[in-house]
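Have a look at the structure below before the remarks.
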Amino acid sequence: MLPNMSTLQRLEFLLLALAGCINRHDFVIIDYLVTENRVYREAVGKKRLRLTDDQRRRLAVKGKLLGRKLLGEFASIVTPDTILRWHHRLVTMKWDYSSRRGPGRPRIADRIRRLVVRFALENRWWGYGKIQGALAHVGHAISAESIANILRENGIEPAPERSKRKTWNEFLRTHWDTIAATDFFTVEAWSWQGLVTYYVLVFMDLQTRRVHLGGITANPNTAWMMQIAKNVTDPFDGFLRNEQFLILDQDTKYCEAFRYLLRTAGTEPVRLPPRSPNMNAYMERFVKSIKEECTDQLILFSERSLHRVVSEYLEFYNRERFHQGVDNELLTPRQLRCSGRVIRQERLGGLLNYYERQAA
């Protein structure tokens, strides 16, 4: 120091020297931290850092104090623009009062929405006003515009369009008590000629689910099919004598002569589109049941033994088998006994069983 400096000047000189030392020390620390961050980034590679909201908030607050220029020199984890964007987002959140807003129009309850859809599907000719009136009758007030929006959200067309087309389920429900279905299934049986494929033709009354055996043959030709048509449409005991429609598939065995005899007897054959077994679901389910529960469990010899097996199963199916499709009830109701010993009634050597209480 200069000897002619006053005490005040010496003090100022010492403070400046000390400040310079502190600034140099801080710069060394900052330079080390920046270098450390860069080395960390190089070690991590191109993998993107996943920061939490709290970490973004802390960087945004500190970065705003530094400003863009200093951020450009020292920021190494994220770019200055990213830090400033986080800061602007914090400012926006401060002035966001959306949480204080009151609720808008309440959403229509799900039970009402389900009723709207149900009324529209069950009554294709009902417009918005008709549905609105039906809802009011059961205690739900709703505007026609809301009904239109609900139907639109569920992909349901307005009444003029809905009324032009009749669904398959609606057709079945409308004519339930006058519809029967038919189907073929095959069974392999041994004979003196070797393994023979037999065709079994069955009919079902869809309302009662009762099944009738049409016939069994190894050669379902036109003559055989015409005889079957005469049998099932007999005016005295024919299975189809009271049926207005008969559902059948595109099988060529249902020849034109067979369909003609049905029409002349008053039963209209309804041919299903190709490859649509779901449209004859009850009949398809019966075929699966008789195969799984009966014919696939036996080795059959001759057409006669096959006829006996199928007849036994149909007796079991129509009178003794519980059906899940009708709430585990019998197709032919029996008097329920609540007392007595439980006994087993069996068919086909115990392959088919039915249990009931023994009469006193």
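What follows draws every value from the coordinates through simple rules; no lab data is involved. None of these values were measured; they are calculated from a predicted model. Because the Cβ atoms are built from the backbone with ideal geometry, glycine has one as well, and the counts that use them run over all protein chains shown.
Normalised by the number of residues in region 110-165, the average gap of Cα pairs under 8 Å and 6 or more apart makes the relative contact order 40 percent. The distance between label points at Arg347 and Lys291 comes to 2.0 nm (points 7 Å beyond Cα on the Cα→Cβ vector). Stretching the chain fully between Ala223 and Glu284 yields a gain of 19.4 nm (0.36 nm per residue, less the alpha carbon separation). Three principal axis extents of region 174-350 based on alpha-carbon atoms, in descending order, are 54, 48, 34 Å.
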